[in-house]
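S.K.: First the structure, which I've put down as structure tokens, then a few questions once you've had a look.
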Amino acid sequence: MAKHDYPYKKSINITAWVLQFLVCIILLAASAWLLWIADQNDFDDILGEYDGLFTAGAGLQIAITGLNIIMNIVEIVLISKKRMPPALFLTSACVKTAIWAIIFILNVIAVSILSVILTIILLATSILQLIHAAIIVHRKRRGTLTGGNYAPAINPQGFEEGIHNPVGGYYNAPAVNTEYKSPAASAAPAQYGYAAEGGWVPQQPAGSYELDNRTQHV
């Protein structure tokens, strides 16, 4: 599986995960309590025809909170192992935001103060993750996101310091010395001498003469 080392902010995700886990546990406990009440014969006269509605509502709430907990666990595992693609993270945040937005509206209509307070915490943290995920996906599409398969430009400082890179950013051009140097200005090696007709010829050591293309020493 490909590695996705993107800059997921711990301050945002950990805060959202902790608050969502706490609220989900409270909702699970409340749902279990409602199921217990609906199962008791003593409350049959009180609940009456709403007995089945209480059971269905409690079961639905358990399923939704359980789904939220599972999605959070998947997010934690994938992000910690650097395996979370930005698109999947955005999808998870969208699903949680949509679910808790619907439940929040239903609780407002039902005028359930405690449920409104709990679901607004879940909705706010889900929206926070949604905004964070949308920013990461937007930067990834523009190619300005550091991490994953993207690498920062070598020298993205400006036009004056480099040459434009079509892939993105600028890079420094290699330094080239354009100063003119005359061949006559260069020093000749010590073992060469300058001939009258021009050019450099091998210089004979002192106290020697040339015979039959061989140097003879005196």
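The values are calculated or read from the model by the stated rules, or taken from the named source; none is laboratory data. Because the structure is predicted, anything quoted here is derived from the model rather than measured. In this analysis, Cβ positions are derived from the backbone assuming ideal geometry, glycine residues included, and neighbour counts consider all displayed protein chains.
Per-residue answers, yes or no, for (1) buried (at least 16 other Cβ atoms within 10 Å of the Cβ); (2) in contact with a strand residue (DSSP E or B) (Cβ under 9 Å, 6 or more places away or on another chain); (3) modelled with pLDDT under 95:
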{"residue": "V111", "(1), (2), (3)": "no, no, yes"}
{"residue": "I127", "(1), (2), (3)": "yes, no, no"}
{"residue": "A133", "(1), (2), (3)": "yes, no, yes"}
{"residue": "R141", "(1), (2), (3)": "no, no, yes"}
{"residue": "T144", "(1), (2), (3)": "no, yes, yes"}
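S.K.: From the list A101, A93, which residue is touching a Ser or Thr at 6+ places or on another chain (Cβ under 7 Å) and among the small types (G, A, S)? Give the steps one after another, and end with the answer.
M.R.: Numbers: A101 fails: touching a Ser or Thr at 6+ places or on another chain (Cβ under 7 Å).
The conditions single out A93.
S.K.: Shifting gears a bit: Tally up the residues in segment 65-102 that are crowded, with 20+ Cβ neighbours inside 10 Å and among the β-branched types (V, I, T), please.
M.R.: Final tally of qualifying residues: 2.
S.K.: Name the single residue that is surrounded by the fewest Cβ atoms within 10 Å (Cβ to Cβ) among those in segment 5-34 being of a type in the set (F, W, Y) and at pLDDT below 90. It would help to see each step written out before you state the result.
M.R.: In the first step, residues of segment 5-34 are kept if they are of a type in the set (F, W, Y); the result is 6, 8, 17, 21, 33.
From what is left, the residues that are at pLDDT below 90 are 6, 8, 33.
Working: Y6: 21, Y8: 21, W33: 11.
Across segment 5-34, the extreme among qualifying residues is W33.
S.K.: Can I ask one more? I'm told Y50 meets every condition in (1) assigned to a helix (DSSP H, G or I); (2) at pLDDT 85 or above except one. Can you identify the failing condition by its number?
M.R.: It fails just one condition, (2).
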